[in-house]
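Below is one structure, written out as structure tokens; comments come after it.
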Amino acid sequence: MSTIDRYGIRAQVPDGWQARVRKRPAVAAASTSGSASTAREVARPVLHMASRSLPDDLGDFGGELVAAMGSSDVFLALIDYGSDVADRGLFAKQGVPNLAPSQFSPNRMARYIPGRSACQHFFSDNGRAFCLYAVVGAHSRRMATVPRLATAATGLRVSGGVS
């Protein structure tokens with residue numbers, strides 16, 4: 001097992017998996033200062049982990065990698081939505097969630113791909129809002145593959161700052 005630690009996201013990477021943390025392209029974010037609201041560009045990190053090679057141009061939710069997964073493959077993304085929305089609404093739940101096979105369903109895929117199964121959790125940790133998105137290569141094998149993802153998710157740690 002190896003460790004990746006970047007931009008305030010730390011992950012234990014299982015042997016044979018690939019992982020990376022990158023800042024995705026900047027997006028406009030609302031900022032309120034006093035009574036005036038202004039827009040600013042923000043680049044936030046995303047962690048990708050998979051039991052197979054990660055392509056260089058991987059989208060937040062896995063894109064082509066998820067489409068090419070084999071029945072034993074797994075994919076996990078931890079997407080940072082920043083501190084502006086942390087601790088409220090969709091992101092009110094606290095701490096990295098535990099993953100279980102019962103949470104996975106084909107209708108939870110970001111984009112439907114026959115046979116695949118996913119789960120998605122929104123939460124906050126250390127004043128930052130996140131989406132944890134996990135995919136297994138075959139819904140029929142989720143009882144065998146989800147425990148691998150669950151182990152990887154328990155190794156995720158988030159700090160308050162993004163450096």
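I'd like to compare 89-98, 123-132: which one has the highest average count of other Cβ atoms within 10 Å, and what's the full order after that?
123-132, 89-98
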Discussion item. Apply the Karplus curve 6.51 cos²θ - 1.76 cosθ + 1.60, θ = phi - 60°, to the phi angles in the range 141-157 and return the couplings in whole Hz, x for Gly and Pro.
Written reply: 10, 4, 5, 8, 9, 4, x, 5, 5, 4, 4, 4, 5, 5, x, 7, 9
Practice prompt. Quick one: among Val46, Val21, Val85, which has the greatest mean-square fluctuation in a GNM of the chain with alpha-carbon springs under 10 angstrom?
Written response: Val85
Worksheet item: With the chain treated as a Gaussian network of Cα nodes joined by springs under 10 Å, which of Ala86, Ala11, Ala43 yields the largest mean-square fluctuation?
Response: Ala43
Fill in: Fluctuation leader among Ala77, Ala144, Ala118 - the chain, Gaussian network, Cα springs under 10 angstrom
Ala144
Response to the item:
With the dipole of the range 38-163 defined by +1 on each Lys or Arg Cβ and -1 on each Asp or Glu Cβ, the option from Ser71, Leu58, Ala92 whose Cα lies farthest towards the positive pole is Ser71
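Could you size up the charge dipole of the range 60-131 around its Cα centre, putting +1 on the beta carbon of Lys and Arg and -1 on that of Asp and Glu, and report it in debye to the nearest 20? If you can, show how the numbers build up before the last one.
Details: 6 positive and 7 negative charges, 51 e Å.
Around 240 debye, computed over the range 60-131.
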Item to complete: Starting at the first residue of the range 45-56, write each ³J(HN,Hα) from the Karplus equation 6.51 cos²θ - 1.76 cosθ + 1.60 with θ = phi - 60°, in whole Hz, x for Gly and Pro.
Response: x, 9, 9, 10, 9, 7, 7, 9, 4, 9, x, 5
Item to complete: Hey, can you grab everything whose amide H is under 5 Å from the amide H of Ala129? Only 5+ residues off in sequence or another chain; H modelled, so Pro and N-termini drop out.
Response: Tyr81, Gly82, Ser83, Val85, Ala86
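So between Arg24 and Ala92, what do we pick up on full extension, going 0.36 nm a residue minus the alpha carbon distance? Don't skip to the end; give the middle numbers.
Details: separation 68, 0.36 × 68 = 24.48 nm, distance 2.35 nm.
Answer, rounded to one decimal: 22.1 nm.
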Fill in: Euclidean distance of C-alpha centroids, the range 53-81 and the range 91-123, integer Å
14 Å
Worksheet entry | Estimated dipole of the chain in Debye, rounded to 20 [Cβ of Lys and Arg +1, of Asp and Glu -1, Cα centre] | 200 debye
Worksheet item: To the nearest 500 deg cm²/dmol, what mean residue ellipticity at 222 nm is calculated for the chain from DSSP H runs of n ≥ 4 alone, each contributing -39,500 (n - 2.57), summed and divided by the residues?
Response: -3500 deg cm²/dmol
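We did not get these values from a lab; they are worked out from the coordinates using the rules stated. From a predicted model like this one, the values you see are computed outputs, not experimental measurements. Counting neighbours? That spans all protein chains shown, and the Cβs are built from the backbone with ideal geometry, glycine included.
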